[in-house]
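**Q** Okay, handing you the structure first.
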Amino acid sequence: MRKIFLIMTTCFTLAATAQETVLPAKPQKGIIYIKNATIHVGNGKVIENGTIKIKDGKIEEVGASLPVPADDVSVYDVKGKHVYPGLILPTSSLGLVEISANRATTDVREIGDLNPNVRAIVAYNTDSRVINTLRSNGILLANVIPQGSLLTGSSSVVQLDAWNWEDAAYKTDAGIHLNLPSLMARSGGFRGGGFGAGPSASQTDPVKEGLEQIEKVKVFFREAKAYQAEGKHEETNLKFEAVKGLFEKKQKLYVNANTVKQILVALDFVKEFGVDMVIVGGSDSYQVADLLKKHNVSVILQQPHSLPTATDDDVDQPYKTAAALQKAGVLFSISDDDSQTRGRNLPFNAGTAAAYGLTKEEALAAITLNAAKIMGVADKTGSIEAGKDANIVVSDGDILDMRTSNVTDAFIQGRKIDLTDKHKLLNERFEQKYEIKGKKGF
Amino acid sequence: MRKPNTWLAMVCSIFFSLPLWAQPTFPENGVADPRHGHYAFTNATIVKDAVTTLTNATLVIKDGKIVAVGSNLKVPAGAVEVDCKGKFLYPSFIDIYADYGTPAAQRTTGGGFGGFTPGQQAQLSTNTKGAYGWNQAIKSDVDAYKVFVVDDAKAKPLRDAGFGTVLAHVKDGIARGTGTVVTLANEKENLVMLKERASAHYSFSKGTSTQSYPGSMMGMIALLRQTYLDAQWYKQRPAAEGINLSLQSWNDNQGLPQIFEANDKWNNLRADRIGDEFGVQYIIKGGQNEYQRIKEMKTTNATFILPLNFPQAQDVEDPNEARFVALTDMKHWELAPTNVAAFEKAGIPFCLTTADLRDVRSFWSSLRKAMEYGLSETKAMEALTKTPATLLGVYDKVGSLDAGKLANFVITNGPIFNEKTAILFNYVQGIKYTVKEENLIPGTYNLAINTPSGTESYTLDVKSSSSATMFAKDTLNAKFTQDGKMIKLNYAPLTRRMRPQGATDGQRPPMGSGGFGRGGTTDQTLPANAARLSGVNNGKEWNGTGIDSLGNSLTWTATLVKETEMKTDSAKKKDMPAIGKVVYPFMPFGWEDGQQPKQENILIKNATVWTNEKEGVLQNADVLIKNGKIAAVGKNLSDASARVIDGTGKHVTPGIIDEHSHIAAASINEGGQSVTSEVRITDNLNPDDVNIYRQLSGGVTTSHILHGSANVIGGQTQLIKLRWGANDDDLKFKGWPGQIKFALGENVKRSSSAISNASNNNRYPDTRMGVEQVLIDAFTRAKDYQKAWKEYNDAKEKLIKEKKSTASLVAPRRDLELDALVEILEKKRFITCHSYVQSEINGAMKVAEQMGYTVNTFTHILEGYKVADKMKKHGSFASTFSDWWAYKMEVEDAIPYNAAIMQKVGLTVAINSDDAEMARRLNQEAAKIVKYGGVTEEEALKMVTLNPAIMLHVDDKVGSLKVSKDGDVVLWSDHPLSIYAKSLYTIVDGTVYFDRQKDEAMQKQVDDERLRLVRKMNGEKRSGAPVIPAQPTYQIMHTCSDHGHSHGLLVIDSDDINND
C-alpha cells in the first residue's frame, strides 16, 4: 500500500513563477482511495469517517465502512478533513473575460439581439489566469455563458483542468440564454442631493416596450419550432438550428429575470413552448416561489452577496432568498458572478445562505448537486456517489465558511489537479523577497 | 342678502381697460388723452394687511397709487365711485420666485456627473466670451432688469391667481446675477419696473454651463466659497487679474438681498453654511421636504421661499409596481402638504411662490391644500404680501393697502381663502384686469316675449351663466347661456311639453338638481323648430329679439324679480387629514420623534471579548459601557445603572471601521479638474442613506467617506459615525484630523475614456508620467503659496510690532485648493491615496519625500506587497481589499495574500469595502486574510477595527475595547470572523443603533406603513383624483468610479448618469 500524506499544495518548485508551469493532470488510471473523510455527499447526506473508492476517473464506491485493500493502490488519508463534491459555478464569464475593462480581453457579448447560434465554448480560454484561482477555492466546474441583449447564445459546462476548450467541455451548448428587458419605468431624474427628482414625462410604457421585445423572441421560437417540424428546408437557418434542443428538452432556456413581472412573463416560454426553464438572477423569486415550483422552473440566484432590491426590503433579504426557495421546494442553485472577485467566493455566498436559513448541506447542494441538476450534468457530477466522475474537493474545514475553508486537494475526473495559481505564485515570490515564509504576523 | 345691483352698474361703467398715464419721453401718435385712473371703491371689506381688516371701507386710487384707505372716507371729487358692497379687497400677492419676464435657460446635455464622463471630453475652460471670470456657471454679471420683457401670456395666470408683483431673475447658473421687481401690468417695461436691482441669486445648478467644473455638489460649494474669497481679493484690483467683470459684479451685488435656490432640506443647510462662512444670510428658496428636518431649518435663521408643488399620488394598484415605489416617496406624498405649516409651527419666516408648480393655475388648489394641512390664513397672507415685500425692500410700494403704495389689489366676492370665493378683479398699478366676470345676477326673472299674437309670460330661474330653468305652467325644454354680456335662450315650442331629463312627472325640477343646459342631453332633445332668443344683459333687465318656432320675429324683456339668496358661506375649515409621522431619517427604519435610541449604560456579560489590546481575547468576560464610553472590560463586572445583555456563547468586538466608503454623501467625485483639494465631502453629507442602517447591521460603526478617484488630488474626506437618524453635522466623527483623497493610475488618466482603444482624454494627465508631474506641480505651487503667506504674515507682524500701518501690505490671494495642500505639508491633513501598481506607489512616495510630506495611507494598494518594504520605510499605512482582482489592467497582479504580506513586513494594514454591500461583511473580508495569508485571527480582526483607527488617527478614541474609548461595540452571534456570525447589537457611543430583534419589529412597521399608504393612494385613485403611473424609486449610489457593485436593480451608479 502506497500511502500519500496530503501535504499542502503550497509546495511549489522554486522556479515556478508563472501559471504556465501548472500542467493539466493526466487521465487517472487504476484505483485510488480517499479515507477517513467527513464526506459531504452533496445530496444532503454526510458520511463520517467515510471512504471513497475511485477507479479510472469515476467514483466506484462510497461508504463508511469500505475496506481499503493492502494492494498497490493509492490511498489518501484525509483524517480530520472535509470532502466535498467539486463545486459548480452556475453562471460565469470565465475564460471569456480576462479583464473586463480591457475590450481586447473580453469575448462575451456579440452584436445583435437574436444570437442563439453564438457558442460560448469556442471562446473559452483554458489559459485564463482566473481559472486556477477558482480551483483553489474548490470550484471545479463552471457554466460559461455569453451575455448581451435578448437571445445571447448557448452556454457550456466546462471542467477547470484542461489543455484546450475541447478538453474542457463537460456538456456543450446545453443552455440557451435569454436576457429579458427590465419591464420597469426607467429613472427619469436624480433623487437626493438636490438635483431635482421625478420621472421624465415622455417615457414610453416600459412594460409594453419590453413585451414587444419579448414577442420578437416568441416569434423567433414559433418559427424555429415550425422550421424543425418540416422535414427539408429550402435554405438552412443557423439560428433555428441552434435552438432545436430546446424543443426536444435537450437544452434548457436560461432566462435572466429578477422582478416578479419578468419572471411571470418568462413563464410564457414554459407554457407556449414547453421548454425547461431556469430563471437566472431571481432576486424577487421568493415572491413567486410556489408558482416556480408548480411550473417546474428552477432558479439560479446570481449573487446573494448583494444589497436588497428596495430600500424598504428586509436588510438581509438577498441572504434569505435561498431559504425561501428551499422551503417552497424550488430547485435552485447559488452563483457568484462578482466582477471583482470573479467567482472565487461561490462557497461563501452559499455559506451566507446557510447563515440565513438553509442547513449547511442544503447550501452545499445549491453549489453542487442542484447546480448539476439544473445544468443537466447530475448524471456525471454534483455529488459523491458511485458512478459519477470523481470531482472531489478536500478542505481543512467547513468549505462554506472562509474562516475554515482551506482547500488542500482537488480531483477532477479522478485526476489530482495542481492547486497552484497565479496568486500563490506571486505570494511565494514575495515571501521569498521579504523572507517571511510561514510567519504568522508580527 | 347681497345687493349686487349697484355693483353691476359699476362694472359696466368701467368695462374698458384704461391706458396707463403717458410716458413723457415717448412721442404720442394722435391726441393726448391724459387720465388719472381716479377711483373710489366704497362699501368694501378691505384687508389692508394680514392683520388689519376694515369693514364698510373705502379705497381711493389715482395715478396707479393708493390715495387713501379707510372707513368713512368721502369719495373725492373727480373719482369714479365703485360700490363694492359685499366685496373684499386685498393687497395683490407678491411672488418672489416667479417664472416671469426673463428668458428660460436652455438646459444642456452632457457635461457629465462628477465632471467625469467616460467617453466624453472635458470642457476645461469657460465658453463665455468677454472679460468675465474663469467659470461659466458664475453669471453674477447677469442683470434681470436688462433682459426683462413684459410677457402677458405668463402674467395673466399669475394675475388670475391674485399676484400683482413678482421678482424676476434669470434662473441660470450657480451665481445668477440680480433680480428685478416688476408688476404684472401689461404695460411698457419702463413703467412696470419697481426696483431694477432688487436681489442677488445663487443656486446649486450649473444651468447652461457646459464647463466640466464643478461637476458635483461639493464642487459647487467650493466654487462659491472660492468666488467669495476671490471677489474680496479683487477689491484690491490685483494687476495680475486684469479686469474681471464677474468678480466686479459679484461685489456690486453683495449689498442686495441674497437669495439661494437650494430646493432641498440638506441643500438648504449647505447653502446656509456657505453664507455663515462669508457673513451672508441667504434667503433660501426651499423645496417640499423641509418638514423632514424642520429643527435644522430653524437653525439657519433664514427666511424661506416655499413652493407648493406637492407630489402627485401614484397608481400603486398593481402590487408588482407598488413594490418598487419606496416608502419614502409614499410618505413624502402624504406629508409634503404639511411642509408650509411646519414652518409656521416652528416660527420660521417664509414666503410662498408659484415656482415649481406644474401649472400656475394650480396655485390655489395647492395653497388650499397647504391650509387644509395646517397653514393659517394670517401666515398665508403675510407670506404672499408683507414678507416678500419687506425682504425685497419694496414694502413702501407693495404688500399692503396703504396710502402711497401702488394700487395693486384684488377684489373678491368673499373672504379670499374660502373655498368658494373667487377673485373677480386684479388691479395692478391701478389698471383693472378682470379675472372672473360676475355680471349675471342669479335669481328669478319674468320673461315677457312679445310675439305677433301677443305677449307670452314665462318665468326664468337663472342659476348660472350656463344653467336656467324656463317654465310657464310646465317646465319647458330650454337651453340658456350667457357669454360676457350676451344672452342666448332656445326653447322648444310650448305645445310639445318636452320635459327635461330627470324631472319628475308634472313637477319642475327642484332648484339645483341640474335643470337645463347641463350636459348635452337637453340639446339633443331640442327640436329643429325651437325658438331662438338673443339679447343683452343690461343689468337687472335683459332685452333682446328672436325668432319663434313658427319663424316670426319677436322682442323680449326679462326682468329680475327676485335675486337668489346666497347661502351664507358654509366653507368650514376642513379637518386636517389623518397622516403618518415624520421619521428620522426620512427613510424606512427611521425613528419617530421620541423613539430614537438613546445612550444607555450597557453591561454585556459572559462573552468572548476581543479587546484588540494586550489582554487579547478574554473568555467569559464582561464589557461595561457607561456614558457613551467603555467603562470596564473584565470578569464579574456589575453596574446597577446598566442594562445587562447576556453574551453567553457570543462574541464582543470593537465596532468595525471602514477606511474606504462612499455612502451617505450627495456627491463623491469632482472630476472637473485634476486637482480639486478645495472640495470637501463634509459639505455634502447625506444622512438619508439606507446603507447607514444596512451597514450597522453588519457591525460597522465608523466609516471614512472618501472622495472618488476621478483625479490625482481629489477632495477632502469625512469620517462619520453611523448614528442612524442624526443630521449631517451630527454624523461627523468629532475631534478627527482631516484627510484628503489622492488617486493614481487608470482612473486619473481616464483610461476608460477611450474609443477604439485610442485615448479620448483631454484632461492632463494622460499617463502615470503626467500623474507625477501633477503632484510635483501642485505641491510646488503649495510651497510657493505657503511662503507668500508666511512673508506676508511676518511683515504684518513686524509692522504691528512697530505700531506701523499695515495698509500698504497686500495679502496673497486665498486659494482653497492650496490651503488644503499646505495643511498636508504642515501635517494637519493626511492623505489616503488610491493606488494599484508598484511603479505609481513608489513614484507617489518619492514625490512626497521630495516635497516633504508623507503619504499617510495607500488605499486599494493592490500591489502593495511588491513594495511593502519601501512603504514601511516611507511610513505609510495600507488599506486594501481582501481578494479583488482582474477587473482592470492595473489589478492584474492583485493577490489575496497582499494584506498578509504587507502586515508581515510590518505595515499597519486595513481591509476596506469601497462598496456599500461588502461593507456589511467586512468581518468576513478580514477572515479571508487568515485564510489566504495565515495571519492570526486577532490580527485579522484588527484589520477592520484598530488598524483603520490608527490610519485615521482616531485610535485614541476607537478601535479597541479599552477603558475610556468610545462605546462603539458589536455583539456577534458567533465567532466574528465566521460567515455564520451576525451582529445582534451594534452600539455607537453607548447607543444601540442596530438591534437584530428590534429590526424585525421595524421591518413589520415598514411593511404596515407601506400597506397603509398604498391603500391611501389607491383610495385617491378610486375617488377619481388624478394619479400618475407608479414611479420606481431609483437610488443614486456614489462610487469610486473604479469598479462594479452588487447593489441591486434599483440602484443607479452615479457614474452611469449624464447631467442632463
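Quick note: the coordinates plus some simple rules give every number you see, no bench work behind them. Bear in mind the structure is a predicted one, so any value in this text is a computation, not a measurement. FYI the Cβ positions are ideal-geometry reconstructions off the backbone, even for glycines, and counts take in every protein chain you see.
**Q** On a 0 to 90° scale, report how tilted helix B:768-801 is relative to the longest principal axis of chain B, with both axes built from alpha carbons and the result rounded to the nearest 10.
**A** It works out to around 80 degrees.
**Q** For segment A:87-381, what class follows from the C-alpha gyration tensor (a ≥ b ≥ c being the square roots of its eigenvalues): rounded when a/c is under 1.5, otherwise prolate if a/b is larger than b/c, else oblate?
**A** On the way: a/c = 1.34, a/b = 1.04, b/c = 1.29.
It is rounded, given that a/c, with a ≥ b ≥ c, falls under 1.5.
**Q** Can you pull a Stokes-Einstein diffusion coefficient for the protein assembly as shown at 10 °C (1.306 mPa s), Rh from Kirkwood over Cα pairs, as a whole number of µm²/s?
**A** Numbers: Rh = 37.1 Å.
Taking Rh from Cα pairs, D becomes 43 µm²/s.
**Q** Work out which GluC sites (Glu not before Pro) in chain A are exposed loop sites (DSSP not H, G, I, E or B, at most 11 other Cβ within 10 Å) and give the longest gap free of them. Walk me through the numbers on the way to the answer.
**A** Values: sites that count: A:230, A:234, A:235, A:248, A:435.
The reported range is A:1-229.
**Q** Could you calculate the FRET efficiency of residue B:245 with residue B:790 from 1/(1 + (r/R0)^6), where r is the beta carbon distance between them and R0 is 41 Å, rounded to 0.05?
**A** Given R0 = 41 Å and the Cβ-Cβ separation, E is 0.80.
**Q** Right, another one. For a quick protection proxy, order the peptides B:728-735, B:143-150 by their average other-Cβ count within 10 Å, most packed first. Please report the intermediate quantities before stating the final value.
**A** Numbers: B:728-735: 16.9, B:143-150: 18.4.
By packing density, highest mean first, the sequence is B:143-150, B:728-735.
**Q** Kindly work out what percent of the DSSP beta bridges joining two residues of the protein assembly as shown are antiparallel, to the nearest 5. List each step's numbers first, then the result.
**A** Values: 155 of 245 bridges.
Percentage antiparallel, nearest 5: 65.
**Q** Peptide A:176-185: average number of partner chain Cβ atoms within 10 Å per residue?
**A** Numbers: counts 0, 0, 0, 0, 0, 0, 2, 1, 9, 7.
Mean partner-chain Cβ count within 10 Å for A:176-185: 2.
**Q** Follow-up question, since we're still on this one. Would you mind estimating how fast segment B:590-649 diffuses translationally, via Stokes-Einstein at 20 °C and 1.002 mPa s with the Kirkwood radius over Cα pairs, in µm²/s? Let's see the in-between values first.
**A** Details: Rh = 12.4 Å.
Translational diffusion coefficient: 173 µm²/s.
**Q** Further question on the same structure: Take the cross-link list A:208/A:293; B:87/B:405; A:380/B:888; B:741/B:828 and give me the ones stretching past 25 Å between alpha-carbons. List each step's numbers first, then the result.
**A** Details: A:208/A:293 27 Å; B:87/B:405 21 Å; A:380/B:888 36 Å; B:741/B:828 14 Å.
Over 25 Å apart, Cα to Cα: A:208/A:293; A:380/B:888.
**Q** Residue B:422 to residue B:23: FRET efficiency via 1/(1 + (r/R0)^6), r the Cβ-Cβ distance, R0 35 Å, to the nearest 0.05? Mind dumping the intermediate values first?
**A** Working: r = 34 Å, r/R0 = 0.96.
Computed FRET efficiency for residue B:422 and residue B:23: 0.55.
**Q** Right, something else. Ignoring everything except DSSP H segments at least 4 long, calculate the 222 nm mean residue ellipticity for the protein assembly as shown; use -39,500 (n - 2.57) per segment, divide by total residues, nearest 500. Write out the running numbers ahead of the final one.
**A** On the way: 38 runs with 369 residues, N = 1502.
The per-residue figure over the protein assembly as shown is -7000 deg cm²/dmol.
**Q** Summarise the partner chain shielding of A:312-321 as one whole number: the mean count of Cβ atoms from other chains within 10 Å of each residue's Cβ. Can you show the working numbers first?
**A** On the way: counts 17, 9, 5, 15, 8, 2, 3, 3, 0, 0.
Mean shielding by partner chains, rounded to a whole number: 6.
**Q** Related question: Under a 5 Å amide H to amide H cut-off, with H placed in plane at 1.01 Å, what residues pair with residue A:397 once short-range neighbours are removed?
**A** A:82, A:406
**Q** Now, a different point. How far is helix B:922-933 tilted, in degrees, relative to the longest principal axis of the Cα atoms in chain B, given as a value from 0 to 90 rounded to the nearest 10?
**A** Once rounded, the angle reads 30 degrees.
**Q** What distance in nm separates the two pseudo spin-label positions at residue B:472 and residue B:800, each 7 Å out from Cα along the beta-carbon direction?
**A** Output for this residue pair reads 10.4 nm.
**Q** Per-residue mean of other chain beta-carbon atoms within 10 angstrom of the beta-carbon, peptide A:333-343? Walk me through the intermediate numbers first.
**A** Values: counts 0, 0, 0, 1, 2, 10, 7, 17, 10, 5, 0.
Partner Cβ neighbours, averaged per residue: 5.
**Q** Can I ask one more? For residue B:81, which sequence-distant residues (separation of 5 or more, or a different chain) have an amide H within less than 5 Å of its own amide H, given hydrogens modelled in the peptide plane?
**A** Counting only residues 5 or more places away or on other chains, the set is B:40.
**Q** Shifting gears a bit: In whole angstrom, how long is each semi-axis of the equivalent ellipsoid of segment B:956-1014, when you take the square root of 5 times every eigenvalue of its Cα gyration tensor and sort them from largest down? Can you show the working numbers first?
**A** Details: eigenvalues 182, 50, 10 Å².
Gyration-tensor ellipsoid for segment B:956-1014: 30, 16, 7 Å.
**Q** For chain B, I need the span (max minus min coordinate) of the C-alpha atoms along each principal axis, in Å, sorted largest to smallest.
**A** Ordered largest first, chain B gives principal extents of 121, 73, 63 Å.
**Q** Run the quick spin-label model on residue B:32 and residue B:826: label points 7 Å from Cα toward the beta carbon, then report their separation in nm to one decimal.
**A** 7.1 nm
**Q** Using only the Cα atoms of segment B:654-801, what do you get for the radius of gyration and for Dmax, in Å?
**A** Values for segment B:654-801 (Cα only, Rg and Dmax): 19.2, 66 Å.
**Q** Each residue of segment B:45-62 in order: what ³J(HN,Hα) in whole Hz does its phi give by Karplus 6.51 cos²θ - 1.76 cosθ + 1.60, θ = phi - 60°, with x for Gly and Pro?
**A** 8, 10, 8, 5, 7, 4, 10, 10, 10, 10, 9, 6, 10, 10, 10, 10, 10, 7
**Q** While we're here: If you plug each phi of segment B:729-739 into the Karplus form 6.51 cos²θ - 1.76 cosθ + 1.60 with θ = phi - 60°, what whole-Hz ³J(HN,Hα) values come out, in order, with x for Gly and Pro?
**A** 5, 6, 6, 5, 7, 6, x, 10, x, x, 10
**Q** Computed FRET efficiency, Cβ-Cβ of residue A:270 and residue B:317, R0 22 Å: what is it to the nearest 0.05?
**A** Working: r = 27 Å, r/R0 = 1.23.
The pair residue A:270/residue B:317 has a calculated efficiency of 0.20.
**Q** Right, something else. Build a GNM of chain A with springs between Cα atoms under 10 Å: which of A:310, A:257, A:354 gets the top mean-square fluctuation?
**A** Ranking A:310, A:257, A:354 by mean-square fluctuation puts A:310 first.
**Q** In segment B:656-958, what percentage of the DSSP-assigned beta bridges are antiparallel, given to the nearest 5?
**A** Numbers: 10 of 32 bridges.
Once the DSSP bridges in segment B:656-958 are tallied, antiparallel ones form about 30 percent.
**Q** Can you give me the angle between helix B:838-851 and the longest principal axis of chain B, using Cα atoms only, in degrees from 0 to 90, rounded to the nearest 10?
**A** Orientation of helix B:838-851: about 90 degrees from the principal axis.
**Q** Here's another thing I want to ask about it. What are the residues whose amide H is under 5 Å from the amide H of residue B:315, where those residues sit 5 or more places off or on another chain and H is modelled from the backbone?
**A** Those qualifying (amide H under 5 Å, at least 5 residues apart or on another chain) are B:1028, B:1030.
**Q** Another one. On a straight-distance basis, which lysines could pair with residue B:485 in a cross-link, Cα separation under 17 angstrom, same-chain partners fewer than 8 positions away excluded?
**A** Straight-line reach from residue B:485, under 17 Å: B:436, B:463, B:540.
**Q** Same structure again: List, in order, the whole-Hz ³J(HN,Hα) value for each residue of segment A:67-72 obtained from phi through the Karplus relation with A = 6.51, B = -1.76, C = 1.60 and θ = phi - 60°; use x for Gly and Pro.
**A** For segment A:67-72, the Karplus curve yields x, 9, x, 8, 6, 7 Hz.
**Q** Placing +1 at every Lys and Arg Cβ and -1 at every Asp and Glu Cβ, with all other atoms neutral, what dipole size does chain A have around its Cα centre, in debye to the nearest 20? Spell out each step's value before the answer.
**A** Values: 52 positive and 53 negative charges, 143 e Å.
With only Lys, Arg, Asp and Glu charged at Cβ, the dipole is about 680 debye.
**Q** Each label point is 7 Å from the Cα along the Cα-to-Cβ direction; what then is the distance between the points at residue A:103 and residue B:278, in nm?
**A** 4.4 nm
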